[in-house]
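Just below is one structure, and these are the notes that go with it.
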């Protein structure tokens, strides 16, 4: 899975009446936010917007459709009596797709004390947000919560943790997560993330060793090693010139 790819959480599919299904069918036909607000008005008038499922579907449209309206999605989640994990993940995802990781993190921290229990999708999204922010401290907090909720074995979460730590230059932490993962569950993104982490920290020997161990290599793998060796040659040339200038 690409490091930039966001997984699609499973949709909620409860039993609904014919009238309700017609309203949601109209929502699926909406091509603009203006059309969606008309469906929203019908849900509000009928009182169905108070039902978690209908509110979740409405928030989903606002959060991840193009162009949508993430502010409307936020208002819906703030007025739901019992927000579920699906709607939390949907709005977090909406913030990420709009390149607003701060909002995604803020929503998580606001909902955590009394909101729904986060799942593997929640943390996959949030770890991506931390990587975008380049703040490993938030990642540490999330890592603790991941352990708390028993989601450490999820391969997507582990991949995001490796990428976050390595991207922050914390290759020891990245390596710990990497070594704690069965190699069959490590995708090319995980290998490349650790490889790039070594390159960032100037750990040429460790990078080469990891590169040699890689079961598969792609353009990113080769480009990382080429850039590392080019930088090493440049540094050697500069050092050589400096020594020569003293003679």
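Among the conditions (1) within 30 Å of residue 158 (Cα to Cα); (2) outside any helix (DSSP H, G or I); (3) in contact with a helix residue (DSSP H, G or I) (Cβ under 6 Å, 6 or more places away or on another chain), the only one that residue 68 does not satisfy is (1). Elements of the type helices (runs of 4 or more DSSP H) sitting completely within segment 82-172 and holding at least 2 residues that are without any contact (Cβ under 8 Å) to a residue 12 or more places away in the chain: these cover 101-111, 136-148.
Looking at 73, 36, just one residue is over 30 Å from residue 169 (Cα atoms), in a helix (DSSP H, G or I) and at pLDDT 90 or above, and that residue is 73. Do we find a residue being surrounded by 15 or more Cβ atoms within 10 Å (Cβ to Cβ) and in contact (Cβ under 8 Å) with a residue 40 or more places away in the chain anywhere in segment 33-48? Scanning segment 33-48 turns up no residue that is surrounded by 15 or more Cβ atoms within 10 Å (Cβ to Cβ) and in contact (Cβ under 8 Å) with a residue 40 or more places away in the chain.
The values are calculated or read from the model by the stated rules, or taken from the named source; none is laboratory data. Fair warning: this is a prediction, and the values are worked out from it, not measured in the lab. Glycine also receives a Cβ, built like all others from the backbone with ideal geometry; neighbour counts cover every protein chain displayed.
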